[in-house]
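Here the structure comes first, spelled out in structure tokens, and everything after it is commentary.
The values are calculated or read from the model by the stated rules, or taken from the named source; none is laboratory data. These numbers come from a predicted model, not from an experiment. Reconstructed Cβ throughout: ideal geometry from the backbone, glycine too, with neighbour counts over all protein chains shown.
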Amino acid sequence: MTAAAPRPTTRPPARSRPPLPHDRPYRRRVARRRGVADLLGITAWASAAMAVTLWLASGTVDLAGVGPVVTAAGIVAGLVGTDLVLVMLVLAARLPFVDRLVGHDAAMQQHGKLGKPALYLLLAHAVLLIVGYSLEDGTNVVAETVALWNTPDMVLAIVGLALFVAVVWTSIVAVRRVLPYEAWHAVHLLSYVAVGVAIPHQLSAGGILAAGSWERVYWVVLYVVALGSVAVFRFGLPALRSLRHGVTVDRIERVGADVVSVHLRGRDLDRLRAAGGQFFMWRFWTGGTWWHAHPLSLSAAPTDTTMRITVRALGRGSADLAALRHGTPVSFAGPYGIFTEATRTSTRIAVAASGIGVTPVRAFLERLDAPPGAVTILLRGRSEQESFLWDEIRDWAALHGHRVFASIGPRGAGPAGWLAASDTARGVWAGSVFPDLADSDLYICGPGRWSDLVERDAFAAGLPVDHLHRERFDW
């Protein structure tokens, strides 16, 4: 059932409490996961330090003069920049253990953050080497550039650098917004080509990665791990799972004017170990939809033979899914994401969902283990027409003794502007919607700017940062 509208309360100062006894198992589990995640981050940065060690241990260190110093700086920049590119590939490879530790969205966020530093280092590598070699040879920069152009494998290296520039440039927010997704994705696939064509010049130029040296063995292993991870987990495993489970479209259910639920059927789907709140990358094999992979969350807990996703027509690609026919083959990659119980730190759960963001929330709640009264849910919609799957959530809450609030209407103003204006006018805010928010886990799913407002209001109510759970799809 839907609870009465929350009563406004005064805003108390932020507070934190020691974990309650029944919350400690959750805290221990999360602490272990975060410890491993920290170790993974340390390993990534240690690999960059190891790249510098390769140069120091190679016996080619020469700092006698300005030219050799500039050349050495260029060599180190190239080694570290290449190492960061390989780390980026691992982060984008969708490794299951990385996803379980930090989530796919966080991994891709870090992947994006490394793009510019890696590019700057690789550009510095090229410029510093040209300047350094010209100083050592006593020639001008133009002559040295021509000489390098004629060096074996150097043309491939220049092509690789140009491709990487294109990849990073199309990742700039302003550029990405005007590019069709398919064009952006196609350019990003070139990053694999860029990495591949850069290998020959690394092995043939200079003495750091000399044949038979441990430095070359180490460097080759890095490439095998990075490219192998992409080949296995981004392409191989999804293809194998798609063939094994034989997923097809069972039926289309109209949920709203522009919203449909796609019911899927397959075999042995329990072997995927998918949890409510996770998402897959779906590809529907029809003439008009095969070219677009859709990151869509489950909207119901999966069974051994069925899965369900709920889609809103936000563009041509998603709108075409409403016309899918029974028996349409479906390939997929996943499951991904940690918008699940695995990240919770408390017995008490607060949930805020808006628009089509209700879909992962619906699946997350279905098998949630929480005592009666421990879950509070806020459903937000601009009108009654945006109440997708709300009845299912209300039925679940009534069955388990939890509370559901609905906030319908144009958004209000001020710190609680994520709620309807009729609610903010009465002084309702996060602290009055969710009781004991400082001792709860808050799961948020909805449009980006709306979710940002929920975050800020929740933090003002005392929510600890590590109790916030939010899946982002803007990577």
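Cβ-Cβ distances below 9 Å connect the following pairs, each with a first residue in the range 58-79 that is touching a residue at least 60 places away in the same chain (Cβ under 8 Å), a second residue that is surrounded by fewer than 16 Cβ atoms within 10 Å (Cβ to Cβ) and among the charged types (D, E, K, R), and a separation of six or more residues or different chains: G67/D137; P68/D62; V69/D62; T71/D62; A72/D62.
Scanning the range 219-247 for residues that are touching a Leu at 6+ places or on another chain (Cβ under 7 Å) and either of a type in the set (S, T, N, Q) or surrounded by fewer than 15 Cβ atoms within 10 Å (Cβ to Cβ) (or both) yields a single hit, S229. The residues in the range 311-330 that are under 25 Å from A107 (Cβ atoms) and either modelled with pLDDT of 90 or more or surrounded by 18 or more Cβ atoms within 10 Å (Cβ to Cβ) (or both) can be counted, and the count is 4.
Based on this model, can you work out whether T306 counts as among the polar types (S, T, N, Q) and within 21 Å of P238 (Cα to Cα)? Walk me through it before giving the result.
Details: among the polar types (S, T, N, Q): yes; within 21 Å of P238 (Cα to Cα): yes.
Judged against the criteria, T306 is a match.
Can you list residue pairs whose Cβ atoms sit under 9 Å apart, with the first residue in the range 277-306 being within 17 Å of G266 (Cα to Cα) and outside the structural domain of G266 (by TED's automatic domain parsing) and the second being assigned to a strand (DSSP E or B) and modelled with pLDDT of 90 or more? Count only pairs 6 or more apart in sequence or on different chains. So the pair list comes out empty.
For the range 362-386, residues that are over 27 Å from the mean Cα position of the chain (by Cα) and either free of Cβ contacts under 8 Å to residues at least 12 places away in the same chain or on the phi < 0 side of the Ramachandran plot (or both) total 8. Looking at the range 251-271, can you tell me whether even one residue there is within 29 Å of R325 (Cβ to Cβ), in contact with a Gly (Cβ under 8 Å, 6 or more places away or on another chain) and at pLDDT 95 or above? Yes, the range 251-271 contains at least one residue that is within 29 Å of R325 (Cβ to Cβ), in contact with a Gly (Cβ under 8 Å, 6 or more places away or on another chain) and at pLDDT 95 or above.
Of all residues in the range 27-78 being part of a loop (DSSP other than H, G, I, E, B) and not β-branched (V, I, T), which is surrounded by the fewest Cβ atoms within 10 Å (Cβ to Cβ)?
First, pick out the residues of the range 27-78 that are part of a loop (DSSP other than H, G, I, E, B): 58-65.
Those still in the list that are not β-branched (V, I, T) too: 58-59, 62-65.
Details: S58: 16, G59: 12, D62: 12, L63: 10, A64: 7, G65: 12.
That would be A64.
Consider A107 carefully, then state whether it is in contact with a His (Cβ under 7 Å, 6 or more places away or on another chain) and either in a helix (DSSP H, G or I) or closer than 20 Å to I42 by Cα (or both). Criteria not met by A107.
Pairing each residue of the range 214-226 that is among the basic types (K, R) with any residue that is surrounded by fewer than 17 Cβ atoms within 10 Å (Cβ to Cβ) and at pLDDT below 95, provided the two are 6+ apart or on different chains, yields C-beta distances under 7 Å for R216/L203; R216/A210.
When only residues in the range 62-81 that are out of contact with any helix residue (DSSP H, G or I) (no Cβ under 7 Å at 6 or more places or on another chain) and at negative phi count, which is modelled with the lowest pLDDT?
Step one: list which residues in the range 62-81 are out of contact with any helix residue (DSSP H, G or I) (no Cβ under 7 Å at 6 or more places or on another chain), which gives 64-65, 69, 72.
The next check asks that each one be at negative phi; those that pass are 64, 69, 72.
Values: A64: 79, V69: 92, A72: 89.
Filtering first and then ranking leaves A64.
Scanning the range 433-451 for residues that are within 19 Å of I338 (Cα to Cα) and over 17 Å from the mean Cα position of the chain (by Cα) yields S440, D441, L442.
The residues of the range 235-259 that are within 26 Å of the chain's Cα centre (by Cα) and more than 30 Å from L189 (Cβ to Cβ) amount to a single one, V259.
Give me a count of the residues in the range 456-475 that are in a helix (DSSP H, G or I), surrounded by 19 or more Cβ atoms within 10 Å (Cβ to Cβ) and charged (D, E, K, R). Walk me through it before giving the result.
Here is the first cut: in the range 456-475, the residues in a helix (DSSP H, G or I) are 456-460, 465-467.
With surrounded by 19 or more Cβ atoms within 10 Å (Cβ to Cβ) added as a condition, the list becomes 457-458, 467.
If we keep only those that are charged (D, E, K, R) too, we end up with 457.
Selection size over the range 456-475: 1.
Name every residue in the range 30-57 that is among the hydrophobic types (A, V, I, L, M, F, W, C) and without any contact (Cβ under 8 Å) to a residue 40 or more places away in the chain, in order of residue number. Selection gives A31, L39, I42, W45, A46, A48, A49, A51, V52, L56.
Only residues that are among the small types (G, A, S) and in a loop (DSSP other than H, G, I, E, B): list them for the range 318-359, please.
Residues of the range 318-359 that are among the small types (G, A, S), as a first pass: 318-319, 322-323, 327, 331, 333-334, 337, 342, 346, 350, 352-355, 357.
Those that are among the small types (G, A, S) and in a loop (DSSP other than H, G, I, E, B): G327, G337, S346.
Taken over the range 384-443, the criterion of being assigned to a loop (DSSP other than H, G, I, E, B) and in contact with a Phe, Trp or Tyr (Cβ under 7 Å, 6 or more places away or on another chain) is satisfied by P415, A416, W418. Residues of the range 452-475 that are of a type outside the set (D, E, K, R) and farther than 12 Å from F339 by Cβ: L453, V454, A458, F459, A460, A461, G462, L463, P464, V465, H467, W475.
Condition check: among the polar types (S, T, N, Q) and in contact with a strand residue (DSSP E or B) (Cβ under 6 Å, 6 or more places away or on another chain). Does S242 satisfy that? Here the answer is yes, as S242 does meet what is asked.
Being in contact with a helix residue (DSSP H, G or I) (Cβ under 8 Å, 6 or more places away or on another chain), on the phi > 0 side of the Ramachandran plot and either surrounded by 15 or more Cβ atoms within 10 Å (Cβ to Cβ) or of a type in the set (G, A, S) (or both) is a description that does not apply to G288.
Taking the range 149-246 and the helices (runs of 4 or more DSSP H) fully enclosed by it, the elements with 1 or more residues that are modelled with pLDDT under 80 and not basic (K, R) are at 154-171, 173-178, 181-197, 199-204.
Of all residues in the range 331-350, at least one satisfies being surrounded by fewer than 22 Cβ atoms within 10 Å (Cβ to Cβ) and farther than 22 Å from V102 by Cα. Considering only residues that are in contact (Cβ under 8 Å) with a residue 60 or more places away in the chain and crowded, with 18+ Cβ neighbours inside 10 Å, look in the range 407-429 and name the one that is farthest from A350 (Cα to Cα). Selected residue: D423.
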